[in-house]
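To start, the structure under review is shown below, and the notes come after it.
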Amino acid sequence: MPKMKKIIECVPNFSEGRNLENIEKIVEPFRGKAGVKLLDYQKDDAHNRLVVTVAGEPQPLKTAVIEAMSRAIDLIDMRTHRGQHPRMGATDVVPFIPLKNISMEETVAFSKEVANEAAKKLSLPVFLYEKSASRPERQNLANIRKGQFEGLAEKIKQPEWKPDFGPRAIHPTAGVTAMGARTPLVAYNVNLGSTNVEIADEIAKKVRHISGGLRYCKGIGVELKDRGLVQVSLNMTDYSKTALYRAFELIKIEARRHGVNVVGSEIVGLVPMEALIDAAAYYLRLEGFSMEQVLEAQIYE
């Protein structure tokens with residue numbers, strides 16, 4: 001019997017969402033490679049950020065990720081980078097998600113292997129986060145990223161913020177990178193009919209877990225100047241335990257308190273089918289519905 005291939009999903013975030021030529025150069029290492037499949041990539045001008053979704057076998061995936069990180073270092077200068085999304089590096093964060101025939105423990109070990117090799121090859125400080133974190137306070141990416149690129153130069157000198165791999169100083173133009181294994185995450189944004197970013201910030205505080213909101217939800221307020229809107233930008237870290245519709249409904253409730261309407265929402269990158277089916281079942285008030293009734297779920301089983 002042939003050995004079952006281990007497949008890992010990777011969703012690297014790069015701090016470039018405007019220069020199309022640079023975006024294509026960063027994405028190129030994921031194209032046409034044996035053992036690696038580019039699934040999706042999305043740029044965001046306001047966030048000035050590129051989110052790539054790729055899946056592959058461990059070793060080819062490692063090679064492609066490090067090559068893309070190398071290109072990001074060559075093409076992105078964090079000293080001049082501006083965007084609405086918090087960021088600390090040219091390759092800001094590299095999460096690995098076990099997809100098929102591989103455990104979370106194996107994925108954690110793989111993330112450390114990639115982090116070590118990338119730090120050595122690229123002379124780049126790398127912090128481990130989420131399931132790979134070396135210390136409890138590093139599990140939450142927001143704790144590592146606090147201070148952003150501009151504040152990390154001093155922060156990294158503190159004993160408690162020594163990088164897990166690489167030099168004890170930020171890369172002068174590429175900053176630092178966080179890398180680790182995690183469960184599937186849904187990047188979900190809700191747009192508000194307002195230009196007041198303070199309202200989006202206030203709603204984000206009510207929704208995110210760290211300030212008393214939904215358990216598996218992180219959020220910030222973002223201004224979308226080109227659209228004349230503000231946005232509550234969310235990371236749903238476990239959609240099976242905190243559904244997308246709960247976040248959406250809570251944002252609607254809080255928005256009404258400010259006399260503001262929800263005008264739309266968006267998914268960034270790919271999303272598990274179950275997360276959307278869960279929302280559909282809620283809004284359609286389906287009784288006794290399960291994923292087994294979804295045609296595509298049966299076809300691709």
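So which of 107, 91 is open to solvent by less than 10 Å² (accessible area, probe 1.4 Å), touching a strand residue (DSSP E or B) at 6+ places or on another chain (Cβ under 8 Å), more than 25 Å from residue 275 (Cβ to Cβ) and β-branched (Val, Ile, Thr)?
Among 107, 91, only 91 is open to solvent by less than 10 Å² (accessible area, probe 1.4 Å), touching a strand residue (DSSP E or B) at 6+ places or on another chain (Cβ under 8 Å), more than 25 Å from residue 275 (Cβ to Cβ) and β-branched (Val, Ile, Thr).
Have a look at 230, 197, 271, 262 and point out the one that is under 28 Å from residue 104 (Cα atoms) and in contact with a strand residue (DSSP E or B) (Cβ under 8 Å, 6 or more places away or on another chain).
Checking each option against the conditions leaves just 271.
What single numbered condition from (1) of a type in the set (S, T, N, Q); (2) crowded, with 20+ Cβ neighbours inside 10 Å; (3) in contact with a Pro (Cβ under 9 Å, 6 or more places away or on another chain); (4) over 17 Å from residue 61 (Cα atoms) fails to hold for residue 132?
With (1) of a type in the set (S, T, N, Q); (2) crowded, with 20+ Cβ neighbours inside 10 Å; (3) in contact with a Pro (Cβ under 9 Å, 6 or more places away or on another chain); (4) over 17 Å from residue 61 (Cα atoms) applied to residue 132, the lone miss is (3).
Do you know which of the residues in segment 113-158 that are among the charged types (D, E, K, R) and under 18 Å from the mean Cα position of the chain (by Cα) is nearest to residue 174 (Cα to Cα)?
145
Go through 35, 56 for me and flag whichever is buried (at least 19 other Cβ atoms within 10 Å of the Cβ) and small (Gly, Ala, Ser).
Just a single option satisfies the conditions, and that option is 56.
Working only within segment 211-227, note down all residues that are over 20 Å from residue 184 (Cβ atoms), of a type in the set (D, E, K, R) and part of a strand (DSSP E or B).
Across segment 211-227, the qualifying residue is only 223.
For residues that are open to solvent by 50 Å² or more (accessible area, probe 1.4 Å) and touching a residue at least 24 places away in the same chain (Cβ under 8 Å), scanning just segment 193-202, find the one that is nearest to the chain's Cα centre (by Cα). Talk me through it step by step, then tell me what you get.
Filtering segment 193-202 down to residues open to solvent by 50 Å² or more (accessible area, probe 1.4 Å) leaves 195-196, 198, 201-202.
Retained after the next criterion (residues that are touching a residue at least 24 places away in the same chain (Cβ under 8 Å)): 195-196, 202.
On the way: 195: 25, 196: 25, 202: 22 Å.
Restricting to residues being open to solvent by 50 Å² or more (accessible area, probe 1.4 Å) and touching a residue at least 24 places away in the same chain (Cβ under 8 Å), the top hit is 202.
For a quick check of your reading: which helices (runs of 4 or more DSSP H) sit entirely within segment 228-301 and have at least 2 residues that are modelled with pLDDT under 95? Step through it out loud before you land on a result.
Details: elements: 244-257, 273-284, 295-299.
Helices (runs of 4 or more DSSP H) meeting the threshold: 273-284, 295-299.
Which one is nearest to residue 47 (Cα to Cα), of the residues in segment 203-216 that are touching a residue at least 24 places away in the same chain (Cβ under 8 Å) and more than 19 Å from the chain's Cα centre (by Cα)?
Taking the candidates together, the pick is 203.
Mind listing just one residue for me: the one in segment 38-53 that is of a type in the set (D, E, K, R) and surrounded by fewer than 17 Cβ atoms within 10 Å (Cβ to Cβ) and, of those, modelled with the lowest pLDDT? Write out each step before concluding.
From segment 38-53, those of a type in the set (D, E, K, R) are 40, 43-45, 49; that's our starting set.
In the following step, the residues that additionally are surrounded by fewer than 17 Cβ atoms within 10 Å (Cβ to Cβ) were identified as 40, 45.
Values: 40: 93, 45: 90.
So the residue we want is 45.
With without any contact (Cβ under 8 Å) to a residue 60 or more places away in the chain, more than 10 Å from residue 191 (Cα to Cα) and open to solvent by less than 40 Å² (accessible area, probe 1.4 Å) as the only criterion, which of 255, 243, 275 stands out?
Only one candidate passes the filter, namely 243.
Identify the single condition in (1) in contact with a Lys or Arg (Cβ under 7 Å, 6 or more places away or on another chain); (2) buried (at least 20 other Cβ atoms within 10 Å of the Cβ) that residue 96 does not satisfy, given that it satisfies every other one.
The number of the failed condition is (1).
Please list, ordered by residue number, the helices (runs of 4 or more DSSP H) wholly in segment 42-147 having 1 or more residues that are over 24 Å from residue 268 (Cβ atoms).
Per the criteria, 58-75, 104-122.
Please verify whether segment 176-195 includes one or more residues that are assigned to a strand (DSSP E or B), among the hydroxyl-bearing types (Ser, Thr, Tyr) and either over 26 Å from residue 10 (Cα atoms) or at pLDDT 95 or above (or both).
yes
Restricting attention to segment 147-174, and to residues there that are in contact with a Lys or Arg (Cβ under 8 Å, 6 or more places away or on another chain), closer than 17 Å to residue 13 by Cα and not hydroxyl-bearing (Ser, Thr, Tyr), which single residue is surrounded by the fewest Cβ atoms within 10 Å (Cβ to Cβ)?
148
Consider residue 205 against the criteria (1) open to solvent by 40 Å² or more (accessible area, probe 1.4 Å); (2) farther than 27 Å from residue 97 by Cα; (3) outside any helix (DSSP H, G or I); (4) in contact with a helix residue (DSSP H, G or I) (Cβ under 7 Å, 6 or more places away or on another chain): it satisfies all of them except one. Which criterion is unmet?
Status for residue 205: all satisfied but (3).
Is at least one residue of segment 217-237 basic (Lys, Arg), open to solvent by 30 Å² or more (accessible area, probe 1.4 Å) and under 19 Å from residue 45 (Cβ atoms)? Working first, answer last.
We begin by selecting, within segment 217-237, every residue basic (Lys, Arg); these are 218, 225, 227.
Restricting the remaining residues to those that are open to solvent by 30 Å² or more (accessible area, probe 1.4 Å) gives 218, 225, 227.
Those left that are additionally under 19 Å from residue 45 (Cβ atoms): 225, 227.
Looking for residues that are basic (Lys, Arg), open to solvent by 30 Å² or more (accessible area, probe 1.4 Å) and under 19 Å from residue 45 (Cβ atoms), one finds at least one in segment 217-237, hence yes.
The values are calculated or read from the model by the stated rules, or taken from the named source; none is laboratory data. Remember, it's a predicted structure, so these values are computed and weren't measured experimentally. All Cβ positions, even for glycine, are placed from backbone atoms using ideal geometry, and neighbour counts span all protein chains on display. SASA here: full protein model, heavy atoms, side chains in, ligands and nucleic acids out. Shrake-Rupley method; radii C 1.70, N 1.55, O 1.52, S 1.80 Å.
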